[in-house]
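Student: Below you'll find the structure I mean.
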Amino acid sequence: MKIIFVWVAALTLIILSSHQLSAQVFYLKKKADQADVKEILSSQLELVNLILPEGKQRATASYQTINDSTSEGILTIPGLFPLNTGKLIDAVMHLVAVNNKLKYTYTVYNSTNIAEITNSEEFSSWKLHPVGEIYCDSYYNYYSRLYKNSAGKVVMEYHPMEVAKLPISLQQRVKDSVTVLLKQLAEEEEMQLKAGLQNSVHVAKDFHDGLAAIGIAGAGTDKDGKSVTLYAYIDTAGILVEEEPYYLMASDFQEHYALVIDPDTKLWEFIPDENRGSIEGTFQHAYLFNQGRALVYRNTGFGFIDTLGTEITKLKYFDARSFSEGMAAVKNENKWGFIDLNGKEALILQFDKVHDFKGGYALVGKEGDNRFKSYYIRKDGQVAYEFSSNERAIPATLDELRNNSLLPGDFYNDMAIIERDGKQIYINITGKEVIRVKSRGCKLKLRHFVNGYARIEACGKWGMIDRNGNWVIAAEYDAIGDMFNDRVAVMRNGNWGFADKTGQIIINPGITDRPGAIQKQASYDYVSNFSEGLAVVRVNENYGYIDTNGQWFIKPTLKNARPFKNGFACVIFPEGEKEWQYIRRDGTQIPIYLPDPSIEF
C-alpha cells in the first residue's frame, strides 16, 4: 500500500482532473485488488473534498457489486472539468475490478458533446497523442478512448497499452509512434550527454567500490566571491549516480558509505552505495566507517554509530579516534581509554597518551611520579612491555594519530620502532632488538618494512634495508620511496629514478652521475611510487606514466596526473586547464557526462 500514500501526498498541492486521477490510479495500481480500490476511493474522497473551495458541493464515493466477478468503485466530483466557455461540469470516475483485480477505469462527464471535451484547454493540457480513434499518453504506457454511453453522456476509458489487443488498424500506427518517440528520447539523451561533456571537473577523487567523487564549479559564490565547488559521484562509465543534489563536500566510499555535506543544512551526513540502506541523521563532523562503526560529533561530544545509524555510545566524549582492530580510543576529563565494538569501555579512561591498536598491541603512556611511563598493552589491558628509563616512544603528530597513519611506535609485521639510549631500533613485544642495522657511526631514522624492505635515513641520506638488516640500497640518496612492484623511487640532486631490489638503478640511471655532468635524458623532477605496474613521472612540468621497465606508457604530455588506483587514474590533458578526467588502466579515457551545474543552494 506504500505507493498509494506516496501518490496521495504528492497530489495534495494540486486539484486533480478526472484524467489525472484515472491515469495515476491506472498507472500505479495495475495489480490493485478490491481492497486497494476501496482505499483509493477513501483517500481520494478525503483529498478532493479538502481542496475543493468552501461552499462547493462535496464529492462522494461509493462501492457496488455488479455481479459475482465484477465490482465498481465510484467517485463523483461535482464541477471538476472546465470547458472553454468557463462552465464546470461534473465527472464521475469508475474503477472496475474483475475477479478481484483492477481491470480498467473510466470517467463519465456531464456532457453530450465529445468535441466539447476534446477541444477544451483542459484536455489539451493532458498532452495526449491522438492515434486514430484513441489517445495515448506521452510515453505510450496507457491509452484512452472516448464515446457516448446509452444515456448520451461522454465517456472516457483508460486502458494499459497492450498493442496486440488494439484493433488491427491501430497496431502498426502505435508501433510507428513508439519508434518515433524512442528515437526522439535517444536524441535528447545524446544532446544532454554532449552538453554535459562541456562542463569541467575541478576536483577528482579516486574510485572506490566503483564510485568516485568529483567537484565542479557551481553558480554560487562564497563570502570571498570565489566560485563554490559542488560535488557529486560518477560510476566507472562516467555517468552521474544522481542528477542532484550536488554536495558541498564529498568523501571517498569506505565500507559502502561516503560522507557528504548537505547544501541545505551545511551538516555532514552518510550516503550509501547501492548495497546498503540509508542512515538517518546529520552531524557537525563525522569520519568514515571502520569495522562497521563511524566516529561522529555533535555539540554534546564525540561518539559512535553503526550502519543503521544507531548510537552505540552516547555522544559524550571530549575526543575520540576511529576503530582499529576492534578497539577505539576515547577521551574524557583529559584521560584516554578504549571502547570495544559494542560501545563498552573495555579499558577505563586512565592514560595520558595513546596510539591505536596495531598488530594486537597499543602504545600508551602515563604521567608517573618521576617520569612519563610508556607501555605496550594488550586488548585485555594487560601490560605486554614496559619501557625502561633509557627508552622512549618516538613522538607522533596529532594529524598522524587522527589519520590512523602507520607510526614508528605501532606494531607492524611483529615489530615496532622505539628509541633506546638515543638510538632508534626495531624491537619485538618483549623489547628485544630484532634487526641490527649497520650505522657507520651515523644516527639512524628508521621506517617500517613495506613489502619486505624498509627505508632508512643515515647521516642525512636515505637508503633501504632488507629483513636481515642488510643494506640493499646504500644510504646515498636525498630521498627514497617504498618498494612497490619490485621498484623503489630514489632521488639525487633533484633528479629521480628507480632502483630494483638489488639497488641497481634501472630507470633513469643518470641520477648516479656526478653533479654538472651532461644528462643523456631529461631529469625526472617528480615520480610517484609504482601502483598497478605504472608510476607517474614529471619531466619539464609535464606528466606521464612509465612501466616497471622504464618504458613510456603515456608520454609526458599531461598537465597533471595521479597514480592508478582500482584500475583508474585522474589526469589533466594538455588542452585542459583545471579539468580532471579519468583514464582506465589501458589508457582509454572515460567521458564524464555532467548536467548544468548552475544549481544555487
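Student: How many of the residues making up the stretch 350-382 are of a type outside the set (Val, Ile, Thr) and crowded, with 18+ Cβ neighbours inside 10 Å?
Tutor: Taking the stretch 350-382 and keeping what is of a type outside the set (Val, Ile, Thr), we get 350-353, 355-363, 365-376, 378-382.
Keeping just the survivors that are crowded, with 18+ Cβ neighbours inside 10 Å gives 351, 355-358, 361-363, 365, 374-376.
Within the stretch 350-382, residues that are of a type outside the set (Val, Ile, Thr) and crowded, with 18+ Cβ neighbours inside 10 Å number 12.
Student: Could you list, in sequence order, the residues of the stretch 320-344 that are acidic (Asp, Glu) and modelled with pLDDT of 95 or more? Before the answer, list the steps.
Tutor: Here is the first cut: in the stretch 320-344, the residues acidic (Asp, Glu) are 325, 333, 340.
Those that are acidic (Asp, Glu) and modelled with pLDDT of 95 or more: GLU325, ASP340.
Student: Given the criteria among the charged types (D, E, K, R) and closer than 26 Å to PHE564 by Cα, does ARG436 qualify?
Tutor: no
Student: Take the residues in the stretch 471-500 that are out of contact with any strand residue (DSSP E or B) (no Cβ under 6 Å at 6 or more places or on another chain) and either within 13 Å of TYR526 (Cβ to Cβ) or basic (Lys, Arg) (or both), then tell me which one is surrounded by the fewest Cβ atoms within 10 Å (Cβ to Cβ).
Tutor: Per the criteria, the residue is GLY494.
Matching residues to (1) at negative phi; (2) at pLDDT 95 or above; (3) assigned to a loop (DSSP other than H, G, I, E, B):
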| position | (1), (2), (3) |
| --- | --- |
| GLY215 | yes, no, no |
| GLY220 | yes, no, no |
| VAL228 | yes, no, no |
| ARG276 | yes, no, yes |
| ILE279 | yes, no, yes |
| TYR297 | yes, yes, no |
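Student: Next up: Within 32 Å of the chain's Cα centre (by Cα), under 28 Å from THR310 (Cα atoms) and buried (at least 19 other Cβ atoms within 10 Å of the Cβ), is that true of GLY343?
Tutor: Considered against the rule, which asks whether it is within 32 Å of the chain's Cα centre (by Cα), under 28 Å from THR310 (Cα atoms) and buried (at least 19 other Cβ atoms within 10 Å of the Cβ), GLY343 comes out as yes.
Student: Among the residues of the stretch 159-179, how many are part of a helix (DSSP H, G or I), hydrophobic (A, V, I, L, M, F, W, C) and in contact with a strand residue (DSSP E or B) (Cβ under 8 Å, 6 or more places away or on another chain)? It would help to see each step written out before you state the result.
Tutor: As a first pass, look at the stretch 159-179 and keep what is part of a helix (DSSP H, G or I): 163-165, 168-179.
Now restrict to residues that are hydrophobic (A, V, I, L, M, F, W, C): 163-164, 168, 170, 174, 178.
From what's left, in contact with a strand residue (DSSP E or B) (Cβ under 8 Å, 6 or more places away or on another chain): 170, 174.
Count: 2.
Student: Follow-up question, since we're still on this one. Consider the stretch 392-420. How many of its residues are outside any loop (DSSP other than H, G, I, E, B), of a type in the set (Asp, Glu) and more than 30 Å from the chain's Cα centre (by Cα)?
Tutor: Count: 1.
Student: Counting residues that are surrounded by 12 or more Cβ atoms within 10 Å (Cβ to Cβ), hydroxyl-bearing (Ser, Thr, Tyr) and within 43 Å of the chain's Cα centre (by Cα), which strands (runs of 3 or more DSSP E) fully inside the stretch 101-158 reach at least 2?
Tutor: 101-109, 142-148
Student: Tell me yes or no: at least one residue of the stretch 425-440 is part of a loop (DSSP other than H, G, I, E, B), among the hydrophobic types (A, V, I, L, M, F, W, C) and either free of Cβ contacts under 8 Å to residues at least 24 places away in the same chain or surrounded by 15 or more Cβ atoms within 10 Å (Cβ to Cβ) (or both).
Tutor: yes
Student: I'd like to verify a number: residues in the stretch 457-473 that are outside any strand (DSSP E or B) and under 16 Å from GLN504 (Cβ atoms), how many?
Tutor: Result for the stretch 457-473: 2.
Student: While we're looking at this one, here's another question. Checking TYR376 against (1) at negative phi; (2) under 35 Å from the mean Cα position of the chain (by Cα): exactly one of these is not met. Which one?
Tutor: (2)
Student: Could you go through the stretch 41-60 and let me know if any residue there is touching a Leu at 6+ places or on another chain (Cβ under 6 Å), modelled with pLDDT of 85 or more and in a strand (DSSP E or B).
Tutor: no
Student: Limited to the stretch 80-105, what total is found for residues that are more than 12 Å from THR70 (Cα to Cα) and hydroxyl-bearing (Ser, Thr, Tyr)?
Tutor: Counting residues in the stretch 80-105 that are more than 12 Å from THR70 (Cα to Cα) and hydroxyl-bearing (Ser, Thr, Tyr) gives 2.
Student: Do we find that VAL354 is touching a helix residue (DSSP H, G or I) at 6+ places or on another chain (Cβ under 9 Å) and under 21 Å from GLY326 (Cα atoms) in this structure?
Tutor: yes
Student: Given ALA454, ALA535, ALA522, which one is among the aliphatic types (A, V, I, L, M) and part of a loop (DSSP other than H, G, I, E, B)?
Tutor: Selected residue: ALA522, the only one of ALA454, ALA535, ALA522 that is among the aliphatic types (A, V, I, L, M) and part of a loop (DSSP other than H, G, I, E, B).
Student: If you check every pair at least six apart or on different chains, which have Cβ atoms under 9 Å apart with a residue in the stretch 164-180 that is under 13 Å from TYR139 (Cβ atoms) and in contact (Cβ under 8 Å) with a residue 12 or more places away in the chain first and a residue that is among the small types (Gly, Ala, Ser) and surrounded by 11 or more Cβ atoms within 10 Å (Cβ to Cβ) second?
Tutor: Filtered contacts from the stretch 164-180: VAL174/GLY132.
The values are calculated or read from the model by the stated rules, or taken from the named source; none is laboratory data. These figures come from a predicted structure and were not determined experimentally. Methodologically, a virtual Cβ is constructed for each residue, glycine included, from the backbone with ideal geometry; neighbour enumeration extends over all protein chains shown.
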